[in-house]
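The values are calculated or read from the model by the stated rules, or taken from the named source; none is laboratory data. On a predicted model such as this, the values are computed, not experimentally measured, just so you know. Cβ sites come from the backbone with ideal geometry, for glycine too, and all protein chains shown count toward neighbours.
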Amino acid sequence: TPAAQSGQRPRGAAYDSVFLRAARNEPVPHTPVWFMRQAGRSLPEYLKVREGIPMLDSCMRPDLVKEITLQPVRRHKVDAAIFFSDIVVPLKAVGIDVEIKAGVGPVIADPIRTEADLQRLRPLEPDDMPYITEAVGLLVAELGATPLIGFAGAPFTLASYLVEGGPSKSYENTKAMMYGAPELWAGLVDRLAQITSAFLKIQIEAGASAVQLFDSWAGALAPDEYRRSVLPASTKVFDAVAPYGVPRIHFGVNTGELLGLMGQAGADIVGVDWRVPLDEAANRVGPGKGLQGNLDPAVLYAPTHVVETKAREVLHAAQALGGSHHIFNLGHGVMPSMDPDALTRLVAFVHEASAR
Ligand code: 1CP
């Protein structure tokens, strides 16, 4: 579009929100906070509207996507909404037979293991996901000054589902391809970089004002292997959305050893799980980038005063960043069994304790 080509997007109603100001490293009245997996799973109102509707069907219904995305914003007063969808939705849009099984996760009917399999993975076209464009449009209109974060799965994490056929702990088939058939692997992550870039562009064009790339399982890789086999594809994704000028967040779990490389891929903000303190993460990521995180999600099961002590420690470590440039989050997603009220209290606490 002309806006993307000129590098200029109209400034939406959320432009001056605390979340987007912090993401741009501008002064903020308090640290912004949102949660991964805030949309769904732990909320009774979510379970109610989802009753009897398969996960991927719900992602294709703009009315439901809008309602589910708004639920945690209403309840917790978080500083940003995360779009309700899933990383495998664009794979379904290009014709991959994928289903999300309750209590399991994404399951792929015919895993991709050979060059012939790879040919089934066609590019994602801008008009392939009209339901996403519609849902984002409805949401942005309703959210007003609250920003909407769009997202996608990074090439490695998507590849792990496509090659294994479902969730995995050891990624043996994925790594067998990566080590043993490097050209096939390169072709796979290259196609996924295109699909992921196109999915992010669809969300940004429809009004999402930040994006997060989830490379949730990249922590399974040694830094050298990440640099050789994953970084080029993820870099392509960040480059593809750079012209829009929206903040780009890069997140993974168990990625302490990869934080520097994940920043290098082109992120403006690097997500940190709870295993590395934020001041140390800042050293690894280097100057000029923001950090997001990094309270251990399991802390939410402890009494309120403990949650608050631990949250204060995160805010304190973030001061190594010079005040702004920190977005408070958990080190990974909200767990289904968490008490939603503990999350609501945590949001209020972060706002209060970081007020300046
Ligand atoms: O029926 C249900 O409620 C299914 C549970 C569920 C939900 C609510 C799944 C299955 N996905 C989602 C939504 C979802 N997935 C969102 C919505 C917005 C929000 O965060 O609130 C997002 C951002 C995702 C992204 C996602 N899906 C990731 C990356 C984030 C992360 O947690 O690291 C991954 C790895 C997936 C795959 C996936 N989808 C669903 C599950 C249970 C899983 C993980 C399976 C596994 O362990 O491998």
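Check segment 194-216 and report whether any residue there is part of a loop (DSSP other than H, G, I, E, B), in contact (Cβ under 8 Å) with a residue 40 or more places away in the chain and at positive phi. For segment 194-216, residues part of a loop (DSSP other than H, G, I, E, B), in contact (Cβ under 8 Å) with a residue 40 or more places away in the chain and at positive phi: present. Applying a threshold of 6 Å to beta carbon distances and a minimum spacing of six or more residues, or different chains, the list of pairs starting in segment 102-123 at a residue that is of a type outside the set (A, V, I, L, M) and ending at one that is part of a strand (DSSP E or B) and surrounded by 15 or more Cβ atoms within 10 Å (Cβ to Cβ) reads Pro106/Val98; Pro106/Ile100. Contact map, segment 237-255: residues that are touching a residue at least 40 places away in the same chain (Cβ under 8 Å) paired with residues that are surrounded by fewer than 20 Cβ atoms within 10 Å (Cβ to Cβ) and basic (Lys, Arg), Cβ distance under 9 Å, separation 6+ or inter-chain. Pairs shown: Tyr244/Arg9; Gly245/Arg9; Val246/Arg9; Pro247/Arg24; Val253/Arg275; Thr255/Arg275.
Looking across segment 149-169 at every residue that is within 7 Å of the ligand (Cβ to nearest atom) and either under 20 Å from Ala208 (Cβ atoms) or within 12 Å of the chain's Cα centre (by Cα) (or both), the one that is surrounded by the most Cβ atoms within 10 Å (Cβ to Cβ) is identified as Gly153.
Considering only segment 265-293, how many residues are assigned to a helix (DSSP H, G or I) and touching a Leu at 6+ places or on another chain (Cβ under 7 Å)?
Step one: filter segment 265-293 for residues assigned to a helix (DSSP H, G or I), giving 278-285.
Subset that is touching a Leu at 6+ places or on another chain (Cβ under 7 Å): 278, 281-282, 284-285.
Number satisfying all stated conditions: 5.
Residue under question is His305, and the condition is that it be modelled with pLDDT of 95 or more and out of contact with any strand residue (DSSP E or B) (no Cβ under 9 Å at 6 or more places or on another chain); does it hold? So His305 passes the test.
When segment 74-97 is filtered for residues that are within 12 Å of Thr146 (Cβ to Cβ) and under 17 Å from the mean Cα position of the chain (by Cα), the ones remaining, listed by number, are Val78, Asp79, Ala80, Ala81, Ile82. The single condition among (1) within 16 Å of the ligand (Cβ to nearest atom); (2) touching a residue at least 60 places away in the same chain (Cβ under 8 Å) that Tyr46 does not meet is (2). For segment 49-62, which positions are β-branched (Val, Ile, Thr) and either near the ligand (Cβ under 8 Å from one of its atoms) or surrounded by 15 or more Cβ atoms within 10 Å (Cβ to Cβ) (or both)? Residue satisfying the conditions is Val49 alone.
The single condition from (1) more than 13 Å from the ligand (Cβ to nearest atom); (2) in contact (Cβ under 8 Å) with a residue 60 or more places away in the chain; (3) within 30 Å of Leu315 (Cβ to Cβ) that Val78 fails is (1).
Within segment 101-148, take every residue that is at positive phi and either within 20 Å of the chain's Cα centre (by Cα) or within 14 Å of the ligand (Cβ to nearest atom) (or both) and give me the one that is surrounded by the fewest Cβ atoms within 10 Å (Cβ to Cβ). Working first, answer last.
Pass one, segment 101-148, residues at positive phi: 103, 105, 144.
Still in the list and also either within 20 Å of the chain's Cα centre (by Cα) or within 14 Å of the ligand (Cβ to nearest atom) (or both): 103, 105.
Values: Gly103: 5, Gly105: 15.
Looking at residues that are at positive phi and either within 20 Å of the chain's Cα centre (by Cα) or within 14 Å of the ligand (Cβ to nearest atom) (or both), I get Gly103.
Only residues that are part of a helix (DSSP H, G or I), within 16 Å of the ligand (Cβ to nearest atom) and surrounded by fewer than 21 Cβ atoms within 10 Å (Cβ to Cβ) were counted across segment 221-262, and they come to 1. When you look at Gln292, is it crowded, with 21+ Cβ neighbours inside 10 Å and not charged (D, E, K, R), yes or no? It is true that Gln292 is crowded, with 21+ Cβ neighbours inside 10 Å and not charged (D, E, K, R).
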